[in-house]
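The next block holds one structure in the form of structure tokens; read it before the comments.
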Amino acid sequence: MLEAPVDPYSAPVTVFPQDSGQPAPVARPSVRFMLSHPAHWIALGFGSGLSRIAPGTSGTLWAWIAFIALSPWMNDTRWAVLIGLALPVGWWACSVTARNMAVLDPGSIVWDEVVAFWLVLWLVMPTGLVGQVMAFGLFRFFDAVKPGPVGWADALYHHLEPASDPAAWRKAGFGIMLDDLVAAGCTVLVVAAWRFAI
């Protein structure tokens, strides 16, 4: 007897069951959900997080394409300002979207990947296609496998109790952003070590 394939969206990290006045958890957001609030649009990476296959990778690819598209108009100061603004806006957007999905760390929220990979690319540039592919692969490895400090950062806010903690969703939004920033830091350290070694 064949078993049905496991849907990666069928078991989000932590889902809160429907109760009095609470909306049902949103395991797989739709375009309608994304367009229902500006925070959803941002947190879902302008639609890249709606991918049914590897939304984190889709969000990182979107970040890469956006970085290349914006580069002709950017310099270090502009990147610093953009990334500096994208962090608190992302914290807000991830907090609101996670709360509205009733899931502490939804896989479809990819703004954390977007900002973290912008940071990686900004710090490793200038580099050619091979260097960018290497940065992409390293970042996806650290973000997906979550070794060492990335796993620690990822697990920090997975045991929140929104019913008893009024700041739970803000903490969840911060946690969503944090592990990807740690993954970005690990990526940059590996790239720096590789450049030093050659």
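Scanning the stretch 100-119 for residues that are aromatic (Phe, Trp, Tyr) and farther than 16 Å from residue 132 by Cα gives a single hit, 111.
Checking every residue in the stretch 70-83 against the condition of being of a type in the set (A, V, I, L, M, F, W, C), in contact with a helix residue (DSSP H, G or I) (Cβ under 6 Å, 6 or more places away or on another chain), within 15 Å of residue 180 (Cα to Cα) and in contact (Cβ under 8 Å) with a residue 40 or more places away in the chain gives zero matches. Scanning the stretch 36-75 for residues that are surrounded by fewer than 20 Cβ atoms within 10 Å (Cβ to Cβ) and either assigned to a loop (DSSP other than H, G, I, E, B) or at pLDDT below 95 (or both) yields 36, 37, 51, 52, 53, 54, 74, 75.
Of the helices (runs of 4 or more DSSP H) lying entirely inside the stretch 89-198, those containing at least 1 residues that are among the β-branched types (Val, Ile, Thr) and in contact (Cβ under 8 Å) with a residue 12 or more places away in the chain are 111-124, 149-155, 168-197. With respect to the conditions (1) at pLDDT 95 or above; (2) open to solvent by less than 10 Å² (accessible area, probe 1.4 Å), residue 102 lacks only one, and its number is (1).
Determine, yes or no, whether residue 118 is open to solvent by 40 Å² or more (accessible area, probe 1.4 Å) and not charged (D, E, K, R). So residue 118 does not fit the description; no. Within the stretch 157-172, the presence of a residue that is surrounded by fewer than 19 Cβ atoms within 10 Å (Cβ to Cβ), among the aromatic types (Phe, Trp, Tyr) and within 17 Å of the chain's Cα centre (by Cα) is excluded.
Taken over the stretch 47-66, the criterion of being under 17 Å from residue 87 (Cβ atoms) and over 12 Å from the mean Cα position of the chain (by Cα) is satisfied by 66 alone.
Within the stretch 121-153, the set of residues being open to solvent by 50 Å² or more (accessible area, probe 1.4 Å) and either of a type in the set (Phe, Trp, Tyr) or more than 18 Å from residue 69 (Cβ to Cβ) (or both) comprises 122, 123, 130, 134, 141, 144, 145, 146, 148, 149, 152.
The values are calculated or read from the model by the stated rules, or taken from the named source; none is laboratory data. Just so you know, these numbers come straight off a predicted model, no measurement behind them. Virtual Cβ from ideal backbone geometry, glycine too; neighbours counted across all protein chains shown. Side chains included, ligands, DNA and RNA excluded: accessible areas come from the protein's heavy atoms. Shrake-Rupley method; radii C 1.70, N 1.55, O 1.52, S 1.80 Å.
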